[in-house]
Amino acid sequence: MASKYQPVIGLEVHAVLETRSKMFCACPVVDSTVGEPNIAVCPICAGMPGMLPVINEAAVEYALRVALALNCTINLTSIFARKSYFYPDLPKGFQISQYEQPLAQNGWLTIDTVDGEQRVAIRRVHIEEDTGKLTHVERDGERYSLVDLNRSGVPLLEIVTEPELHSVEAVRNCAYALRSILRYVGVNSGNLEKGLMRIEPNISIRPVGSREFGTRAEIKNLNSFRSLERATTYELARQEQLVEAGGAVVQQTLGWDDARGTTQAQRSKEVAEDYRYFPEPDLPPLVVEKAWVEKIRKGLPELPQARRERFISKYGLKAYDANVIVAEREVADFYEAAVAAAKTADAKLIANWLTGPLFGLMNEAGVEMGDLRFGAKQLAALCDQVAVGKVNAAGAREVLGVLFAEGGSPASIIKARGLQQISDSGQLAAWVGEVIAAHPKQSADYLAGNAPLLNFLFGQVMQKAGGKANPAAVRDELQAQLSKLGK
Amino acid sequence: MSGLHELSAKQALAGLRAGKISSVELTRAYLERIEQHNPRLNAYLYVSAESALQAAAAADKQYAKARRSKGGKLPALLGLPIAVKDVLAVAGMPATCGSRILENFVPSYTATSVQRLLDAGVVVLGKTNTDEFAMGSSTENSAYGVTRNPWDETRVPGGSSGGSAAAVAARLAPVALGTDTGGSVRQPAAFCGLTGLKTTYGRVSRYGLVAFGSSLDTVGVLARDAADAGLILKVMGGYDPQDATTVEKTPKLEKPSGRSLKGLKIGVPKEYFIEGLSAEVENGVREGIRQLEALGAKAVPVSLPHTEYALPVYYIIAPAEASANLARFDGVRYGLRVVQDDLIEMFKRSRGAGFGPEVKRRIMIGSYALSAGYYDAYYGQAQKVRALIRRDFDNVFKKVDIIAAPSTPSTAFRIGAHGNDPLEMYLEDVFTLPANLAGVPGLCVCAGFDGQGLPIGLQMLGPHFADERLLAVAAAYQKVTDWHKQGPAL
């Protein structure tokens, strides 16, 4: 927006570390949005008297993967702390989190903005446990709150960026970039709807050119990227109107109401709760061995940013296509496997077929890369057939449709369906001659200057050929015969 | 067979192994004594007569089977009855922790310490009285009434493990588990004439111990002598994957063997012989130290200069941890719930009705010490001073093998004596708190009686993981004294 004010936005992201068991007990991590309540609960995550937490090493490893991918400094000794408050979904009356000495800090990630690439600073990355879930119901005229502790004690990673994002677009791209990294390092599936990743922007504005920070508001309850964008846009406009009208922004937490497209105050930070943090006496300081950290660092996959650069330089992809392909590790892996398997088709052709027709089919059916009925080799084989002219684009789309629906091999699908491209010049010349003879008026009009009619005539030839003619050859033959006619 | 209750745990086990007595007889003897004396003493809050007799019968069967097959390794404590302080969870038995808020609470799990003893064959007689959530020095803070000292029933048995101490002293159990956060095993051991072991922090798992001050809480033993305490420690100690503060590998420390204490250096800290220490207790303790010297030990004066800060430091750290530990008692999942329309009101009313005054006092002190703006001045500062107290011990243990000192300023006081002044009660623990802040082991033995016939406790402290050394010194002492063999006339 062309405004007198500059948005100043930071993100606080909570990501479930999708380990097998919970952060401090042996209960499995289950999908808490489906199924029975309280099926993954033990005395520890139910906060029974006398129970003690024990650190899940896998969760620490997951957290380190993310921290390293975000270029953070790892604190080889970090400290768990108790964050105290009363709520029925918090069984112990405190949440085990990290406060003064988090697992990692001072990192960064690169995002795209309209002004080019931006390096966004990561303030801290720490481990904590999730809370349970409340459901409010009414039975026989009485209102009840039901407690489900399936989620209680699930490992969470909190990632806090510095307030360095200055547009809604930057907010979106930063959130996507974080999601992409979480998925790349294999710790989180990035599902916002299920609450596996929760993004909370803290938003303030300041006059353009000012270096001071304005008062910020935090927005919670964003369960899609769309609501992140809408809520950020809404809040920026609200603050601007407020300030323009002579008002002042109040520091508070706002809840996004997706149906109404507005925010509502959740709690005012003026009467901020005092969480009475202190080091968790039941857990000794978390000490991670340097050698272990280095092993994890070495085990990290190539991250999206680096992979994108490589795709551009090695495969000659456009930045946009490279971005789309590297956004998800499975897609990028699939792409590279296809490029490697292709004999004739080049990397760009494969990128076009991947991001165009295949993504189209996947989006339409809501299917993920991992659910495909065919592999990278089949896509490569199909692109090869296109590249050598064995099948034309329309035929190849049909083959892709069959691969998508049933799987199989492109060569046999082409054969079975008779989709081989016809390039025989005698046959093509005969069909073109017949079409021109059958449409004398359109042919004459074309020659008189109505250029788009060529497409009509082309379509007629393709129809005669049952869609299988080599389109480039048909165009050449049409133009040749028509120009002869005009002389 | 009469007089079975006079056998020490070690003697009873020998009798069981030899087939001279049965576990059912032994257990029944204790249950009969409990029936007879507990209504007056109130040492037990819950007696598990039926399950105890079943376990005893099963133990007898195992013994008989082993005798028939001539061999086979038997569990170390097979058939031995014990009592368990009510802050330790035993599956299927109530765990009230001396509080109204847990009046009907029955855990589904068993504390690791108890489980290891059960695996070794013990028979649990029941759960013993305690100050509410182990906060107190007399059992007067129990919601279920005070326990009476068997030596003088107008007096307290000490606390918070007063129920366990009274049970062992009155021969209502051969041995009992207690817990020690600031002296709660050693002080009642002193008041009841027992051997009380406070283990090194990290030596015995706290899993299943309802937390009071997590960085201070330890599981300990109240026994008639050091040998019995050692039997229990050997079984229940050691690393537990369910308690991250237990230690995987403990150092092997030198300890005396047999009757001689030749070469043992004993530090006598001047800060423990101060105004407020009763003359009779001081005399008893000094006489005890002389006795150790007679066995070959050498006593030297030492200084633990930060001792005077132990009390204020403790009364910040313990309540701070307690304020968080006790937050789970909110009426939502278990325990007392005072139904209200409003959630916050339900929290307030449930906790208000469930907790006693001392627990509320400590929750308030602890919450205050942790609150924004006060943290650095209170909790932060206390942690710094705690490190100095720990260093005092580290320094002294470079020069001496153990420390000997009084356990308590006086012998057992009358019920109600400190009723109006919590500070007076806090001072009862002035000699026992430092060991908890430092995490070192402590042991109390009976070193005589005062003019009123009340036991006097001699406290010994050792470096981290010197629990066995303390037991060995106490055992040597008990070979040449017979204070520990005396029992109250009931």
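Gap in Å between the Cα centre of region B:465-490 and the Cα centre of region A:48-112?
47 Å
Rounded to the nearest Å, what's the spacing between the alpha carbon centres of region B:228-289 and region A:377-420? Just the number, please.
83 Å
For region A:71-184, which whole percent of the accessible surface, found with a 1.4 angstrom probe, sits on carbon and sulfur atoms?
Its accessible area is 43 percent carbon and sulfur atoms.
Running Debye on region A:101-240 with equal point scatterers at the Cα sites and no solvent, what base-10 log of I(q)/I(0) appears at q = 0.15, 0.16, 0.17 Å⁻¹?
Here log10 of I(q) over I(0) equals -0.87, -0.97, -1.07.
Tell me, what are the semi-axes, in whole angstrom and largest first, of the equivalent ellipsoid of chain B as set by the roots of 5 times the Cα gyration tensor eigenvalues?
Taking √(5λ) for each eigenvalue gives 31, 29, 21 Å, largest first.
Please list, in order along region B:131-143, the HN-Hα scalar couplings obtained from phi with the Karplus expression 6.51 cos²θ - 1.76 cosθ + 1.60 (θ = phi - 60°), rounded to whole Hz, x for Gly and Pro.
Per residue, the Karplus-derived 3J(HN,Hα) values read 4, 3, 6, 6, 9, x, 10, 8, 6, 5, 8, 6, 6 Hz.
Could you give the spread of the C-alpha atoms of region A:273-356 along their three principal axes, from largest to smallest, in whole angstroms?
The principal-axis extents, from largest down, are 64, 37, 18 Å.
What does the charge dipole of region A:5-295 about its Cα centre add up to, to the nearest 20 debye, if the Cβ of each Lys and Arg holds +1 and the Cβ of each Asp and Glu holds -1?
So the dipole magnitude of region A:5-295 works out to roughly 160 debye.
What is the spread of the Cα atoms of region A:383-472 along each of their three principal axes, largest first, in whole Å?
Its Cα atoms span 48, 24, 20 Å along the three principal axes.
How far apart, in nm, are two points set 7 Å out from the Cα along the Cα-to-Cβ line at A:Val287 and at B:Gln54?
4.5 nm
Counting only Cα atoms, I'd like the Rg/Rh figure for region A:5-295, Kirkwood definition for Rh.
Rounded to two decimals, Rg over Rh is 0.97.
Take B:His464, A:His136 and sort them by solvent-accessible surface of the protein heavy atoms, 1.4 Å probe, largest at the top. Could you put the intermediate results ahead of the total?
Working: B:His464 65, A:His136 125 Å².
The ordering from most to least exposed comes out as A:His136, B:His464.
Using θ = phi - 60° and the Karplus relation 6.51 cos²θ - 1.76 cosθ + 1.60, list the HN-Hα couplings for region A:390-396 in order, rounded to whole Hz, with x at every Gly or Pro.
Each residue's phi maps through the Karplus curve to give 6, 9, 8, 4, 5, x, 5 Hz.
Stretched out fully, how many nm does the piece from A:Lys295 to A:Ser423 gain, at 0.36 nm a residue minus the Cα gap?
40.4 nm
Considering just Cα atoms, how many Å³ per residue does the convex hull of chain A enclose?
237 Å³
In whole percent, and with a 1.4 Å probe on the protein chains, what portion of the accessible area of chain B is carbon and sulfur?
52 percent
Roughly how many debye, to the nearest 20, is the charge dipole of the protein assembly as shown about its Cα centre, given +1 on each Lys and Arg Cβ, -1 on each Asp and Glu Cβ, and no other charges?
The dipole of the protein assembly as shown has a size of about 2500 debye.
In terms of the ratio Rg/(2.2 N^0.38 Å) built on C-alpha atoms, what value belongs to the protein assembly as shown? Don't skip to the answer; put the middle values down first.
Working: Rg = 38.3 Å, N = 977, 2.2 N^0.38 = 30.1 Å.
Compared with the compact-globule rule of thumb, the protein assembly as shown sits at 1.27.
Computed from the mean reciprocal separation of all distinct C-alpha pairs, what Kirkwood hydrodynamic radius does region A:425-486 have, in Å?
11.3 Å
Would you mind checking B:Lys127/B:Lys479; B:Lys65/B:Lys85; A:Lys377/A:Lys415; A:Lys83/B:Lys127; A:Lys390/A:Lys487; A:Lys295/A:Lys318 for any pair whose Cα atoms are more than 27 angstrom apart? Could you put the intermediate results ahead of the total?
Values: B:Lys127/B:Lys479 31 Å; B:Lys65/B:Lys85 32 Å; A:Lys377/A:Lys415 18 Å; A:Lys83/B:Lys127 33 Å; A:Lys390/A:Lys487 35 Å; A:Lys295/A:Lys318 34 Å.
Result: B:Lys127/B:Lys479; B:Lys65/B:Lys85; A:Lys83/B:Lys127; A:Lys390/A:Lys487; A:Lys295/A:Lys318 exceed 27 Å.
Can you give the accessible area buried between chains B and A, summed over both chains, with a 1.4 Å probe, in Å² to the nearest 100?
So the total buried area for this chain pair works out to about 2700 Å².
What's the Kirkwood radius of region B:148-195 in Å, using all Cα pairs?
One decimal place: 10.0 Å for the Kirkwood radius.
Can you list the HN-Hα couplings for region A:340-351, worked out from phi with the Karplus curve (6.51, -1.76, 1.60; θ = phi - 60°), rounded to whole Hz and with x for Gly and Pro?
The phi angles translate into 5, 7, 5, 9, 10, 4, 8, 4, 5, 4, 5, 4 Hz.
With a 1.4 Å probe and every protein chain left in place, tell me how much accessible area B:Arg67 has, in Å² to the nearest 10.
110 Å²
Taking 0.36 nm per residue of sequence separation and subtracting the Cα-Cα distance, how much length would be gained by fully extending the chain between A:Glu244 and A:His14, in nm to one decimal?
Additional length available on full extension: 79.5 nm.
Once you've got the Cα coordinates, tell me which of B:Lys20/B:Lys61; A:Lys290/B:Lys384; A:Lys348/A:Lys468; B:Lys234/B:Lys298; B:Lys198/B:Lys262 are over 20 Å apart. Mind dumping the intermediate values first?
Working: B:Lys20/B:Lys61 14 Å; A:Lys290/B:Lys384 28 Å; A:Lys348/A:Lys468 24 Å; B:Lys234/B:Lys298 28 Å; B:Lys198/B:Lys262 25 Å.
Check vs 20 Å cut-off fails for A:Lys290/B:Lys384; A:Lys348/A:Lys468; B:Lys234/B:Lys298; B:Lys198/B:Lys262.
Counting DSSP beta bridges in chain B, what percent are antiparallel, to the nearest 5?
Here the antiparallel bridges make up roughly 70 percent for chain B.
Search the structure for amide H atoms under 5 Å from the amide H of B:Ala299, placed 1.01 Å from N in the peptide plane, and list their residues when 5 or more places away or on another chain.
Residues meeting the criterion, in which the H sits 1.01 Å from N, are B:Ile266.
Would you pull out the residues with amide H under 5 Å of A:Thr113's amide H, same chain only if 5 or more places away, H placed 1.01 Å from N?
HN-HN under 5 Å from A:Thr113: A:Gln118.
Got a sec? Charge dipole of chain A, +1 on Cβ for Lys and Arg, -1 for Asp and Glu; which of A:Pro163, A:Phe404, A:Pro471 is way out at the positive end?
A:Pro471
When the helix-only estimate is applied to chain B (DSSP H runs of n ≥ 4, each -39,500 (n - 2.57), divided by the residue count), what is the mean residue ellipticity at 222 nm, nearest 500 deg cm²/dmol?
About -11500 deg cm²/dmol.
Can you work out the accessible area per residue across the protein assembly as shown, with the rest of the protein chains kept in place, probe 1.4 Å, in square angstrom?
Roughly 41 Å² per residue, with all protein chains present.
The values are calculated or read from the model by the stated rules, or taken from the named source; none is laboratory data. Just so it is clear, the model here is predicted, and its values are computed rather than measured. Using ideal geometry, Cβ is built from the backbone for each residue, glycine included, and neighbour counts are taken over all protein chains shown. Note: areas computed on protein heavy atoms with side chains; ligands, DNA, RNA excluded. Shrake-Rupley method; radii C 1.70, N 1.55, O 1.52, S 1.80 Å.
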